[in-house]
Amino acid sequence: MAKVSPIQFFRQVKQEVKKVTWPTRKEVVQTSIMVIILVAIAATFFFFVDQIIGWVMKLILGLGV
């Protein structure tokens, strides 16, 4: 692999950054809201699954009511 000078490296980085298609503010807000909603749904699901598994384990081990 050829060595590149730091100046050349930063020129190449600048060229590549110009090629990036950046999301709009609206897209960022929409995807952020979707992530928050999906995380809340997943957290709720895993909370209830954990509670059910804990209850079942207590019944199996005879520690529950």
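The values are calculated or read from the model by the stated rules, or taken from the named source; none is laboratory data. All of these numbers come straight from a predicted model, not from anything done at the bench. Cβ: placed from backbone, ideal geometry, glycine included. Neighbour counts: every protein chain shown. With ligands, DNA and RNA removed, areas are computed over all heavy atoms of the protein, side chains included. Shrake-Rupley method; radii C 1.70, N 1.55, O 1.52, S 1.80 Å.
Structure notes:
- Pairs, first open to solvent by less than 100 Å² (accessible area, probe 1.4 Å) in the range 38-65, second in a helix (DSSP H, G or I), C-beta under 6 Å, six or more apart: G64/K58
- Condition met for V28 (modelled with pLDDT under 95, part of a helix (DSSP H, G or I), open to solvent by less than 70 Å² (accessible area, probe 1.4 Å) and out of contact with any Gly (no Cβ under 7 Å at 6 or more places or on another chain)): no
- Tally, over the range 5-25, of residues that are in a helix (DSSP H, G or I) and not charged (D, E, K, R): 9
- Residue pairs whose Cβ atoms lie under 8 Å apart, separated by 6 or more positions or on different chains, with the first residue in the range 15-26 and without any contact (Cβ under 8 Å) to a residue 40 or more places away in the chain and the second surrounded by 10 or more Cβ atoms within 10 Å (Cβ to Cβ), are P23/T31.
- With respect to the conditions (1) among the aliphatic types (A, V, I, L, M); (2) at pLDDT 95 or above; (3) exposed (fewer than 10 other Cβ atoms within 10 Å of the Cβ), V20 lacks only one, and its number is (2).
- Failed item in (1) open to solvent by 90 Å² or more (accessible area, probe 1.4 Å); (2) assigned to a loop (DSSP other than H, G, I, E, B), with M34 passing the rest: (2)
- The set of residues in the range 1-12 that are surrounded by 10 or more Cβ atoms within 10 Å (Cβ to Cβ), out of contact with any helix residue (DSSP H, G or I) (no Cβ under 8 Å at 6 or more places or on another chain) and not charged (D, E, K, R) comprises Q8, F9, F10, Q12.
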